[in-house]
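The values are calculated or read from the model by the stated rules, or taken from the named source; none is laboratory data. Predicted, not measured: the structure shown is a model, and the values here were computed from it. With ideal geometry, Cβ positions are generated from the backbone for all residues, glycine too; neighbour counts draw on all protein chains shown. Side chains included, ligands, DNA and RNA excluded: accessible areas come from the protein's heavy atoms. Shrake-Rupley method; radii C 1.70, N 1.55, O 1.52, S 1.80 Å.
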Amino acid sequence: MSKPSIPQGTRDFSPAVMAKRKFIFNTIESVYQLFGFMPLETPAMENLSTLTGKYGNEGDQLLFKILNNGDYLKDLNLNELDSKSLTPKIADRGLRYDLTVPLARYVVMNRNDISFPFKRYQMQPVWRADRPQKGRYREFWQCDADVLGTDSLLCEADFIRIYNTVFNQLGLKDFEIRINHRKLLEAICESCGVGNQFKTITIIIDKADKIGHDGVKKELLEIGLSDDNSNKLLSLLERLPLNPETLQNLESKLGHLENGIKAINDLKQVILLAGNASINVKLDCSLARGLDYYTGCIFEVIPTSVKMGSISGGGRYDDLTGVFGMNGISGIGISFGIDRIFDVMEELNLFPTSSNLFTDILFCPMDENAILYCMDTAHTLREHGFKVEIYPSASKLKKQLDYANDKKILWVAIAGENEIASNQISLKNMQTGEQLNCNLNDIESAIKSQ
RNA sequence: GUGGUCAUAGCUCAGUUGGUUAGAGCAUCAGUUUGUGGUUCUGAGGGUCGUGGGUUCGAUUCCCAUUGAUCACCCCA
């Protein structure tokens, strides 16, 4: 038999790793709930017709397809088919590629039962048949929150506050929120006389971080921009603090354009509503992201003290549900990339040392009688909120203490002949090594007094 | 989808200019006169050297293929 393995780009998460992941998940979830978002879960698999055509040509290739059950080759003439035309005939379902399309599908299906604005969060794995590399997996988790059915800029401001709250609670101080506005991008292109090449231009300037201003200019010249216009464009890409001065400056350059004034007014309103939370927000006109469906503000969060890509992104979109035949629903959403947040926190050593997932007290029975002796007391402590376990056999004490160390259990309660005779327990602190005898009923107070 | 690097014990790695039974540290398990650990000592288990083929008297070592890992590009979280 060959050694067992797991598929490419997937991972097991050990208990020690899960403790840390849970810390991140729980933090994000509790903050989402603080802002009034409600949980939603959708199936791992969707009908392939729901997924295809939503992510562009490249996206379709990255979908995991699920082979139909039964004799799926029946009625097929294999000679007339290539692999591309074969797929829809033998696979009706696929694994979800993100959480946004399933959300749109859900909203359309349940339109009569949903009252708007609809605020939901969703934290589930998604799958992409991409080639794995650093910080990139075939199965990874997204933590989305979206507000559907309102175009209020209060949502943008709320998401800025959510970013601050989440990263403060995680202990990640060095981060920068970058914001841009789709219409600002359009205005910039217009003012440089390249409004008709909007999409090409944005793909180029989105790479500014990677290839630098020189690289951007080179590519702009290649697609036929004049030297003048590319310089003008580049001068607008500087990353500046999002504040009234920056916007006023921008208004003097783009205020004559309809798109420009709309975007600037939106951003002004966001600053006002976000208040102090907007302090570490930077206006980044090179930020483009998945342009296809974003129509208003666009967000990205970058860790500033670690070399790592974005750890969160999002933006406003119109007509999310249009592809499923339900028009007029606009909204805004963000997504945390928890796998990357994990890597950043690991690198900066930000995980709290004590985890509330681990056992608080381990009972160590020295003989069979002691097991029975511990059972009721252990359960009373559980009812009082302690995480308690009893070592399941009367093994040698060394082995039991090793087990406690391995699981980072702080307290052990040793019970043997002597303790039973005196109706007591030997309570030992595994960190200090101190040990004391106390009555069974006094364990809780003894622990709390330390 | 394109290109580079790599593959020896559970983990981190030695090693052989191709030659008998492939090593170390850590980890695991078991003992160290039987109720005290994380920092004693002793011992044990564990590898068909990623898989398949080729060259050779002989391959873990050389060649080819394949699979996987990893990094970069494309794109993206």
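Annotations for the structure displayed:
- Net charge over other residues, Cβ less than 12 angstrom from the Cβ of A:Ser395 (K, R count +1; D, E count -1): 0
- Local net charge near A:Asn437, Cβ-Cβ under 15 Å (Lys/Arg +1, Asp/Glu -1): -3
- For chain A, a simple Cβ point-charge model (Lys and Arg +1, Asp and Glu -1, everything else neutral) yields a dipole of about 480 debye relative to the Cα centre.
- Check: the stretch A:232-314 dipole with +1 on Lys, Arg Cβ and -1 on Asp, Glu Cβ, in debye: 160 debye
- Shape call, chain A: gyration tensor on alpha carbons, a/c limit 1.5: prolate
- FRET efficiency estimate (nearest 0.05) - Cβ-Cβ, A:Asn77 to A:Asn276, R0 60 angstrom: 0.35
- Protection proxy ranking, peptides A:17-23, A:36-42, average beta carbon neighbours within 10 Å, highest first: A:17-23, A:36-42
- Full-extension gain in nm, A:Glu389 to A:Ala91, via 0.36 nm per residue minus C-alpha separation: 102.5 nm
- Å² per residue, accessible surface of chain A at 1.4 Å: 52 Å²
- Potential lengthening between A:Arg131 and A:Leu240 on full extension [0.36 nm per residue; Cα-Cα distance subtracted]: 35.7 nm
- Subtracting the Cα-Cα distance of A:Asn418 and A:Asn369 from their residue separation scaled by 0.36 nm leaves 16.5 nm.
- Three-way shape call for the stretch A:399-450 based on the alpha-carbon gyration tensor, with the a/c threshold at 1.5: oblate
- Among A:61-74, A:263-276, the order from most to least packed when residues are scored by Cβ within 10 Å on average: A:263-276, A:61-74
- Distances between placed amide hydrogens fall under 5 Å for A:Met326 paired with no residue 5 or more residues away or on another chain.
- Relative contact order for the stretch A:361-448: 30 percent, from Cα pairs under 8 Å spaced at least 6 residues apart, divided by residue count.
- For the peptides A:50-56, A:297-303, the ranking by mean Cβ contacts within 10 Å, running from highest to lowest, is A:297-303, A:50-56.
- Farthest positive-ward along chain A dipole, Cα basis, beta-carbon charges - from A:Leu76, A:Leu225, A:Ile332: A:Leu225
- Oblate is the label for the stretch A:45-95, because a/c, from the alpha-carbon gyration tensor with a ≥ b ≥ c as root eigenvalues, is 1.5 or above and a/b does not exceed b/c.
- Contact order relative to length of chain A, as percent, for alpha carbon pairs under 8 angstrom and 6 or more apart: 14 percent
- For the stretch A:271-320, averaging the sequence separation of C-alpha pairs within contact (under 8 Å, six or more residues apart) and dividing by the residue count gives a relative contact order of 30 percent.
- Summing Cβ point charges (Lys, Arg +1; Asp, Glu -1) relative to the Cα centre of the stretch A:45-95 gives a dipole of roughly 100 debye.
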